[in-house]
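See structure below.
The values are calculated or read from the model by the stated rules, or taken from the named source; none is laboratory data. Just so we're clear, the structure is a prediction, and the values are computed from it rather than from any experiment. Cβ atoms come from the backbone with ideal geometry, glycine included; neighbour counts cover every protein chain shown. Just so you know, the surface numbers come from the protein's heavy atoms only, side chains and all, with ligands and any DNA or RNA stripped out. Shrake-Rupley method; radii C 1.70, N 1.55, O 1.52, S 1.80 Å.
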Amino acid sequence: MLYKYFTEKLLGLQDVDIEKIEEIDNSIHINCRLKRKPHKCPCCGNLTDKIHDYREQPIKDIPAFCKHIFIHLYKRRYRCSCGKRFPENVDFLPRYHRMTNRLFLYIIDKLRNEVSFSSVAREVNLSVSSVIRVFDLVSYAPKKLPSAIS
Ligand SMILES: [Zn+2]
């Protein structure tokens, strides 16, 4: 479907099947799941594409068209013949898995321009503590100051 193709392009997320897009108040909710593909079992190393179950994972993304964006990913768990169950790999999620990589980078970029934590938090619809956590992940401790500066 052409509409679907453009939505995928607009979203810029690879290998995602979009199932539903809803606009609720001031936010856009995108329901999607990744394309099914063989995954390597972390236990025995065999490939499997047998599905164990799905769990909905809400993820925040960069605001677009002055609206907050929520991705509802139906994250799949695969089951291997050895009995191991494991979640699929999601390329666009960093460590904390609650926001997209590009939202993470967007926050860092905003903070570089010396905007306050609270104004960035408001813009991206996250708590101030989440924004501070992003900041802490990329900031480095300053070198120890000499005991006498002058
Ligand atoms: Zn296995």
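Around the amide H of Asp17, modelled in the peptide plane, lie the amide H atoms of Arg33, Leu34, Lys35, all under 5 Å away and 5 or more residues distant in sequence or on another chain. Heavy-atom accessible area with a 1.4 Å probe sorts Tyr54, Tyr106, largest first, into Tyr54, Tyr106. Modelled spin-label separation between Asn113 and Arg79, with each label point placed 7 Å from Cα along the Cα-to-Cβ direction: 5.0 nm. Restricting the range 82-137 to trypsin sites (Lys or Arg not before Pro) that sit in a DSSP loop and have at most 13 other Cβ atoms within 10 Å of their own Cβ leaves Arg95. A DSSP coil position with no more than 10 other Cβ atoms inside 10 Å describes the following trypsin sites (Lys or Arg not before Pro) in the range 28-58: Lys35.
The range 88-117 and the range 121-141 have Cα centres lying 9 Å from one another. Rounded to the nearest 5, the antiparallel percentage of DSSP beta bridges internal to the range 52-138 is 95%.
Applying the Karplus relation 6.51 cos²θ - 1.76 cosθ + 1.60 with θ = phi - 60° to the range 61-66 yields 3J(HN,Hα) values of 10, 4, x, 9, 6, 6 Hz, where x marks Gly and Pro.
Does the range 92-140 classify as rounded, prolate or oblate by the C-alpha gyration tensor (a ≥ b ≥ c root eigenvalues; a/c under 1.5 gives rounded; else a/b over b/c gives prolate, otherwise oblate)?
Prolate.
Applied to the range 27-32, the Karplus parametrisation 6.51 cos²θ - 1.76 cosθ + 1.60 on θ = phi - 60° returns per-residue 3J(HN,Hα) values of 9, 10, 10, 10, 9, 8 Hz, with x for Gly and Pro. Charges were assigned to the Cβ only: +1 to each Lys and Arg, -1 to each Asp and Glu. The resulting dipole of the range 92-140 about its Cα centre is roughly 160 debye.
Amide H contacts for Phe92 (H built 1.01 Å from N in the peptide plane; partners 5 or more residues away or on another chain; cut-off under 5 Å): none found.
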